[in-house]
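The values are calculated or read from the model by the stated rules, or taken from the named source; none is laboratory data. The shown structure was predicted, so the numbers you read here are calculated from the model rather than taken from an experiment. Quick reminder, even Gly has a Cβ in these numbers, built from the backbone with ideal geometry, and neighbours come from all protein chains shown. These area figures cover heavy atoms from the full protein model, side chains too; ligands, DNA and RNA do not enter into them. Shrake-Rupley method; radii C 1.70, N 1.55, O 1.52, S 1.80 Å.
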Amino acid sequence: MSCILQRMTEDDVSLTVDWMVRQYGFDRAEVESWVQDLHFNWPLSVKALDENGQVIGLLNMSDYRIEEETPQILKDKPELIKSLNAQRYTAVFSFIVAEKYRGTRLNYDMLMSIIPELKAKFDFIFIPVLYRLKTHQYWQRWGAKEFYHDEDCVCYKLDI
């Protein structure tokens, strides 16, 4: 499998929205509001293109704070959020690989393409995963550890 990895820019907003709606079945208006409000880190976000220039994967990074994703943590675990916010972190907002490429090296290659920058700038990656998504075991295989959950998602921390 040959592919081209490119960094994303704000010009990729509509691409991100389209992929999240198509792949996850999310409501378009809701995804558009997330993309607008959740501090995307476009320079660390990656898109994968096949040999024909078609997008086959997206890794969207975001600099939103843990309590923006799950505000209940402020009430439930104030000391935990204080200690986490004392560290440098970024978040995986969305990681989507086209069905044809799942189970290949594509997701690994996409993540590895930004690891040097992540290691230089951050202590951990914050990964919120909705219960209905299938990526819980994927992140656990990478070594991510659950640190909190609410009614919507499980929050993982992947030390870098």
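Which strands (runs of 3 or more DSSP E) does the range 120-160 wholly contain that include 1 or more residues that are of a type in the set (A, V, I, L, M, F, W, C) and under 19 Å from Met20 (Cα atoms)? Talk me through it step by step, then tell me what you get.
On the way: elements: 124-130, 145-149, 153-159.
Because the criterion is at least 1 residues that are of a type in the set (A, V, I, L, M, F, W, C) and under 19 Å from Met20 (Cα atoms), the strands (runs of 3 or more DSSP E) in the range 120-160 that meet it are 124-130, 153-159.
Please indicate, with yes or no, whether at least one residue in the range 120-143 is surrounded by 15 or more Cβ atoms within 10 Å (Cβ to Cβ), more than 13 Å from the chain's Cα centre (by Cα) and in contact (Cβ under 8 Å) with a residue 60 or more places away in the chain. For the range 120-143, residues surrounded by 15 or more Cβ atoms within 10 Å (Cβ to Cβ), more than 13 Å from the chain's Cα centre (by Cα) and in contact (Cβ under 8 Å) with a residue 60 or more places away in the chain: absent. Looking across the range 63-88 at every residue that is free of Cβ contacts under 8 Å to residues at least 60 places away in the same chain and under 30 Å from Leu5 (Cα atoms), the one that is least open to solvent (accessible area, probe 1.4 Å) is identified as Tyr64. Just one residue in the set Val21, Val46 is β-branched (Val, Ile, Thr), under 15 Å from Val97 (Cα atoms) and modelled with pLDDT of 95 or more; that residue is Val46. The listed residues are Val31, Val92, and the only one of them that is part of a helix (DSSP H, G or I) and in contact (Cβ under 8 Å) with a residue 12 or more places away in the chain turns out to be Val31.
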